[in-house]
């Protein structure tokens, strides 16, 4: 999963990036380049499976963070274009006074990004509608885009517009910004570590279907650069149960409606992020396209059953190992072995 961090100047976006990745990078907008960092998704289920199988390799799901380059004027066209290939967006919102002492205005920043993404999408839609009206090659696409254009003109983000499967397929190539899952990170001062978001910010996030995580980027950046023992001690002193990146990753998974499919064996134990509701053949395609193309069946056992009984053989004897076909929908924590032929 690729998540882009975006924020207005002074929001602490790059400090949040360092807090999430543990990387030390230059803050400020002088560099004009994006920073990339990859974080393994913690999952104790993978560790437990590795204890059972002692595999040659243990692989966790990963999240790649992109600290998008920006300019002094905020979210210009270059920044908006950098956002398009990403799976989800994270807006870092300032909740502390700026260098001049001016108070924060989180709601204005949230509304600002919302407006800019809607306008950017409207420009794409209008340009495509103009071409389709000239060549009349795709009346169905034209009708859909005219409807979406009306929604955007009404200042409605496309993530709030219900689309059928075929409509989703049509618009997928446009990479609309206001359709992407959006997670808000409220960057609070050090003396507000552990506090909840102000009610008006929480209400704005809920009203717009956005995820919300509260953290102090400066504190979390220091935590991310500590060794494990010092990290645990410092977190306890602050009344925090875990580093912000763990809370962030869980919130991102929930926002994107992702679950973990597990595979296990002597060669590798691994977690695979898949969208909730994914049928078995398409989930198999996450591993390799050949497995999806030649899918025969999926042999499935629930993680809890496998760990409780201790082996696939015991799960089979107890009737806990199931053979599922093409219509089976993968569940969170399924340990799956795919049979295929190509």
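The values are calculated or read from the model by the stated rules, or taken from the named source; none is laboratory data. The structure presented is a predicted model; accordingly, all values stated were derived computationally and were not measured. Virtual Cβ from ideal backbone geometry, glycine too; neighbours counted across all protein chains shown.
Structure values in brief
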| quantity | calculated |
| --- | --- |
| Members of the stretch 308-342 that are closer than 23 Å to residue 55 by Cα and surrounded by 17 or more Cβ atoms within 10 Å (Cβ to Cβ) | 309, 312, 315, 320, 321, 333, 334, 335, 336, 338, 340 |
| Some residue of the stretch 71-90 being surrounded by 13 or more Cβ atoms within 10 Å (Cβ to Cβ), assigned by TED's automatic domain parsing to the domain that holds residue 246, closer than 19 Å to residue 200 by Cα and in contact with a helix residue (DSSP H, G or I) (Cβ under 7 Å, 6 or more places away or on another chain) | no |
| Matching residues, the stretch 78-94, being over 27 Å from residue 242 (Cβ atoms) and in contact (Cβ under 8 Å) with a residue 40 or more places away in the chain | 79, 80, 82, 83, 84, 85 |
| Among the residues listed as 51, 100, the single one being part of a loop (DSSP other than H, G, I, E, B), free of Cβ contacts under 8 Å to residues at least 24 places away in the same chain and surrounded by fewer than 17 Cβ atoms within 10 Å (Cβ to Cβ) | 100 |
| Unique residue being at pLDDT 85 or above and within 21 Å of residue 16 (Cβ to Cβ) when the list is 217, 199, 260, 206 | 217 |
| Lone unmet requirement of (1) in contact with a strand residue (DSSP E or B) (Cβ under 8 Å, 6 or more places away or on another chain); (2) outside the structural domain of residue 243 (by TED's automatic domain parsing) for residue 185 | (2) |
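Quick grid of which residues meet (1) out of contact with any helix residue (DSSP H, G or I) (no Cβ under 6 Å at 6 or more places or on another chain); (2) modelled with pLDDT of 95 or more:
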residue	(1), (2)
232	yes, no
291	no, yes
323	yes, yes
339	yes, yes
